[in-house]
1. Quick one: Leu172 ticks every box in (1) closer than 30 Å to Phe419 by Cβ; (2) surrounded by 23 or more Cβ atoms within 10 Å (Cβ to Cβ); (3) modelled with pLDDT under 90 except a single one, so which number is it?
2. Tally up the residues in the stretch 9-28 that are among the small types (Gly, Ala, Ser) and either under 18 Å from the mean Cα position of the chain (by Cα) or modelled with pLDDT under 85 (or both), please.
3. Kindly indicate whether Ala180 is outside any strand (DSSP E or B), among the hydrophobic types (A, V, I, L, M, F, W, C) and at pLDDT below 85.
4. For residues in the stretch 317-331 being modelled with pLDDT of 95 or more and not hydrophobic (A, V, I, L, M, F, W, C), which is most open to solvent (accessible area, probe 1.4 Å)?
5. Among the residues of the stretch 411-429, is any farther than 20 Å from Gly328 by Cβ, of a type in the set (A, V, I, L, M, F, W, C) and surrounded by 14 or more Cβ atoms within 10 Å (Cβ to Cβ)?
6. Being within 21 Å of Lys408 (Cβ to Cβ) and in a strand (DSSP E or B) is the filter here, so list the residues in the stretch 309-356 that pass it.
7. Which residues, taken from the stretch 51-72, are over 13 Å from Pro5 (Cα atoms) and surrounded by fewer than 19 Cβ atoms within 10 Å (Cβ to Cβ)?
8. Can you list residue pairs whose Cβ atoms sit under 6 Å apart, with the first residue in the stretch 469-494 being among the basic types (Lys, Arg) and the second being open to solvent by less than 40 Å² (accessible area, probe 1.4 Å)? Count only pairs 6 or more apart in sequence or on different chains.
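The values are calculated or read from the model by the stated rules, or taken from the named source; none is laboratory data. Computed from a predicted structure; not experimentally measured. Ideal geometry is used to build each Cβ from the backbone, glycine not excepted, and the neighbour counts take in all protein chains shown. Areas reflect the complete protein model, heavy atoms only, side chains present, ligands, DNA and RNA absent. Shrake-Rupley method; radii C 1.70, N 1.55, O 1.52, S 1.80 Å.
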Amino acid sequence: MDGAPSRVLHIRKLPGEVTETEVIALGLPFGKVTNILMLKGKSQAFLELATEEAAITMVNYYSAVTPHLRNQPIYIQYSNHKELKTDSTLNQARAQAVLQAVTAVQATNAPISGTTVSESAVTPAQSPVLRIIIDNMYYPVTLDVLHQIFSKFGAVLKIITFTKNNQFQALLQFGDPVNAQQAKLALDGQNIYNACCTLRIDFSKLVNLNVKYNNDKSRDYTRPDLPSGDGQPALDPAIAAAFAKETSLLGMVLTLFFCIPAMAGLPVAAVPGALSPLAIPNAAAAAAAAAAGRVGMPGVSAGGNTVLLVSNLNEEMVTPQSLFTLFGVYGDVQRVKILYNKKDSALIQMADGNQSQLAMSHLNGQKMYGKIIRVTLSKHQTVQLPREGLDDQGLTKDFGNSPLHRFKKPGSKNFQNIFPPSATLHLSNIPPSVAEDDLRTLFANTGGTVKAFKFFQRDHKMALLQMSTVEEAIQALIDLHNYNLGENHHLRVSFSKSTI
């Protein structure tokens, strides 16, 4: 990072649709944010922190980890300005309003000596009830885990958890709307476990939850006398009716894709002041917790959730193997069936419901063999193999025992490196004898253009390689994952969050 330290930071290459709240959220884990200047026309912003020390901490963190907003890398450096002076023109009014709301919440939580914050400084009263959706749910999230996380922001009175639209969701009620607002600002977009279980938080239209039972699905912490009920309680009719109307833009977007990167596309355990005390440090710990019976979530692996219907395929090019390789980036594909009477469509059975959701979220709308594919959940519970002796022309294949499954081993680093398709590929298992030119030529032969290449400084077994488009990278991954480079080295290819 160039320039002398300053508490004002210059942020570049912002996505056009990024909001002031998202930019402010970059700084929140490091200290109080005192000012913001958005220059949307230039895709830039200036962010002022309360102290130079907080700014240095933020710059040091993001120099080691490229921050991402909306899956795009952004760049942060010290500004030449020592403080930020903003005007009151219309284009800055929104940014200042957002900042005031954040400041009020921060000050309410930790008042600075000699100052007071009036309630009128907080934005108009929101509901004390938050609606929480868990994306990219590779590991179960329990009611107790939610209580532990959200209790850091105030008294949690009630929680109801349930599965809706094949997603684990929760309604959580604070004692005070200010606590709910603070929790939303701090936690929306954060990961509970490393690189997965991302919190998506919105305000509910409800102002009070009616909890009938205290069990592992719902709890009223103000009423320890409630019965446990038998099985999962039905949602209160009033809650169900109100919830059905909550069709926010967020909810619609979530049906299409998940934004997995949280603070910077990395485990938030590494972010000071974020979820570090409660982020589970690795996949093995989460798996161990699940095995020990401390976590359990209904409906996550329901049979019908494991089969995907993929349509608008290029029927001249697609094979079960190519679908296995691409979808295998997001889960362990068990079976693939290209439909006999409709060869532009296929059924793909994943190992569990989480993996099918993950694959659907990342691959729906991507281009494969020149066609934009559509990925939805199938009504089928399983992919049937052809009857013995029946020749189905190789359209159905069982990959259940494939050695190429990426997620068989609990704690594998593959769990922490699941990213949306991108033009940049991560290559590993490269033998010493293979040079940059060899790999450039190999990938150019898949029909695309290699734009950039970089070996990892400390480990020449790994490299980043950038194709000119995401479609070319998808093609290259399909063609070259598990490619034999000699010396008993089979190339491993995955999508990277980085750019070169």
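1. (3)
2. Total satisfying the criteria: 2.
3. Details: outside any strand (DSSP E or B): yes; among the hydrophobic types (A, V, I, L, M, F, W, C): yes; at pLDDT below 85: no.
No, not satisfied.
4. Across the stretch 317-331, the extreme among qualifying residues is Gln321.
5. Of the stretch 411-429, the ones farther than 20 Å from Gly328 by Cβ are none.
No, because not a single residue in the stretch 411-429 is farther than 20 Å from Gly328 by Cβ, of a type in the set (A, V, I, L, M, F, W, C) and surrounded by 14 or more Cβ atoms within 10 Å (Cβ to Cβ).
6. Correct list: Val333, Gln334, Arg335, Val336, Ile348, Gln349, Met350.
7. Of everything in the stretch 51-72, those that are over 13 Å from Pro5 (Cα atoms) and surrounded by fewer than 19 Cβ atoms within 10 Å (Cβ to Cβ) turn out to be Ser63, Ala64, Val65, Thr66, Arg70, Asn71, Gln72.
8. That search, which allows pairs on different chains as well, returns Arg492/Ser428.
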